[in-house]
Amino acid sequence: MNKILEGKVKTVYDVDGEADKVIIEFHDKVTAGNGRRVDFPLGKGSLCCSISALIFKQLAKEHIPTHYINMIGDNKMICEKVNIVPIEVVVRNVAAGGIVRETCVKEGIRFPYPLVEFYLKDDEKNDPLLTPDRLNVMGYTPILTDLMASKALKVNDILIDLFNKLDITLVDFKLEFGHEKTSGHLLLADEISPDSMRLWKKGTRERFDKDLFRKDEGDIVEAYKYILQKLLQFV
Ligand code: UDP
């Protein structure tokens, strides 16, 4: 397969004879601290691939267009080829992670409304938080950023309902968008998995996400398996 792009935990390939599609391979690999910590947990790639596929399918049912087409094998998916918008869109329902480290907000505080934040997708610059003016001078119009924010909030509503059924609080998550190569339509892209979300058991705040690895507090494979098994009961 012809490799187009190698990310930290995924590789993107061309599809023979299908110029508008790609194959995304999810590796048994996890990183934290901008790639400074790495591990290779067996089965992790297929878990993130399967969870992302289930979530993309659920979002499609709710009329959110995504790049996902179908899975091939247990750790690969065929997707629409997109030009990725190099902006990470984060939605926060409960304070954790960056917002706790960088402000005086205490972990676990539920926000009165979901926060939508934009970060530059650039590891060398450490993914800085962007302001509306910075987005503007970088050429990202409010038309695009408002559209990404409104789609992100719609995804938030759908995922909150879904994870409520699992007795899990959706604390926060990160989305990436891309423009479809041929039509230019804005599609949800990348992955949506416990690598890119914070998921806490209601009541106990037990974690089922990548923070287990970031904080060295447990086995992500067992946690991700639990999420996949629970999702399969409800979608
Ligand atoms: N996130 C991600 N990729 C990134 C940065 C963040 O998937 O490069 C996810 C992260 O897993 C969490 C949410 O986005 O669910 C918010 O992350 P935060 O800004 O708190 O940063 P972190 O504490 O992960 O550095």
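Based on alpha-carbon centroids, what's the gap between the stretch 187-235 and the stretch 128-147 in Å, whole number please?
Cα centroid of the stretch 187-235 versus Cα centroid of the stretch 128-147: 30 Å apart.
Roughly how many whole Å is it from the C-alpha centroid of the stretch 5-25 to that of the stretch 59-98?
Spelled out, the Cα-based centre of one part sits 15 Å from the other.
Assuming a viscosity of 0.692 mPa s and a temperature of 37 °C, what translational diffusion coefficient in µm² per second does Stokes-Einstein assign to the stretch 74-173, Rh being the Kirkwood radius over Cα pairs?
214 µm²/s
Sort 20-27, 193-200, 153-160, 95-102 by packing, meaning the average of other beta carbons within 10 Å per residue, with the highest value first.
With the highest mean Cβ count within 10 Å placed first, the list reads 193-200, 20-27, 153-160, 95-102.
Could you work out Rg/(2.2 N^0.38 Å) for the stretch 10-87, with Rg from alpha carbons only?
1.18
Could you run the Karplus curve 6.51 cos²θ - 1.76 cosθ + 1.60 with θ = phi - 60° over the stretch 86-101 and give me ³J(HN,Hα) per residue in whole Hz, x for Gly and Pro?
The phi angles translate into x, 10, 9, 9, 10, 10, 10, 9, 9, 6, 6, x, x, 5, 7, 5 Hz.
With springs connecting C-alpha atoms under 10 Å apart, model the chain as a Gaussian network and identify which of Glu176, Glu217, Glu88 has the largest mean-square fluctuation.
Glu217
I'd like the carbon and sulfur percentage of the solvent accessible area for the stretch 38-156, probe radius 1.4 Å, heavy atoms only, ligands and nucleic acids excluded.
Exposed carbon and sulfur together represent 57 percent of the surface.
What helices does the chain hold that run 30 Å or longer along their axis, going by alpha-carbon atoms, with a Kyte-Doolittle average of -0.5 or more, using DSSP H for the helix calls?
Helices passing the filter in the chain: 142-165.
I'd like the Karplus ³J(HN,Hα) series for the stretch 112-127: coefficients 6.51, -1.76, 1.60, θ = phi - 60°, whole numbers in Hz, and an x wherever there's a Gly or Pro.
x, 8, x, 8, 10, 10, 10, 10, 6, 7, 7, 4, 4, 9, 6, 6
Could you size up the charge dipole of the stretch 196-235 around its Cα centre, putting +1 on the beta carbon of Lys and Arg and -1 on that of Asp and Glu, and report it in debye to the nearest 20?
Result for the stretch 196-235 is approximately 220 debye, rounded to the nearest 20.
Could you tell me whether the stretch 117-160 comes out rounded, prolate or oblate from its Cα gyration tensor? Rule is a ≥ b ≥ c as square roots of the eigenvalues, rounded for a/c under 1.5, then prolate if a/b exceeds b/c, otherwise oblate.
Cα axes put the stretch 117-160 in the oblate bin.
How large is the accessible surface per residue of the chain, computed with a 1.4 Å probe and reported in Å² as a whole number?
I get 49 Å² per residue for the chain.
Excluding Glu25 itself, calculate the net charge of residues whose Cβ lies under 9 Å from the Cβ of Glu25, where each Lys or Arg counts +1 and each Asp or Glu counts -1.
+2
With an 8 Å cut-off on Cα pairs and a minimum separation of 6 or more residues, tell me the relative contact order of the chain in percent.
19 percent
If you average 1/r over every pair of different alpha-carbon atoms in the chain and take one over that average, what Kirkwood value in Å do you get?
18.3 Å
Relative contact order for the stretch 131-201 using alpha-carbon pairs under 8 Å, separation at least 6, rounded to a whole percent?
Relative contact order for the stretch 131-201 comes out at 26 percent.
Please give the calculated 222 nm ellipticity per residue for the chain, where each DSSP H segment of at least 4 residues contributes -39500 (n - 2.57) and the sum is spread over every residue; nearest 500 deg cm²/dmol?
That calculation yields -9500 deg cm²/dmol at 222 nm.
What is the dipole size for the stretch 81-214, taken about its Cα centre, with +1 at each Lys and Arg Cβ and -1 at each Asp and Glu Cβ, in debye to the nearest 20?
360 debye
Assigning unit charges at the beta carbon (Lys, Arg +1; Asp, Glu -1) and nothing else, what dipole magnitude in debye, to the nearest 20, does the chain show about its Cα centre?
I would put it at about 560 debye.
Under 5 Å between amide hydrogens, which residues at least 5 positions from Leu130 or on another chain qualify, with H placed 1.01 Å from N in the peptide plane?
Under 5 Å from the amide H of Leu130 lie the amide H atoms of Phe118, Tyr119, Leu120, each far enough along the sequence or on another chain.
Let me check the size of the stretch 132-203 from its C-alpha atoms; what are the radius of gyration and Dmax in Å?
For the stretch 132-203, the Cα-based Rg and Dmax read 14.7, 46 Å.
Defining a contact as two alpha carbons under 8 Å apart and six or more residues distant in sequence, what relative contact order in percent does the stretch 62-127 show?
Over the stretch 62-127, the number comes to 27 percent.
The values are calculated or read from the model by the stated rules, or taken from the named source; none is laboratory data. Just so it is clear, the structure is predicted and the values come from calculations on it, not from any experiment. Positions of Cβ are generated from backbone atoms using ideal geometry, with glycine treated the same way; all protein chains shown enter the neighbour counts. For accessibility, only protein heavy atoms count, side chains too; no ligands or nucleic acids. Shrake-Rupley method; radii C 1.70, N 1.55, O 1.52, S 1.80 Å.
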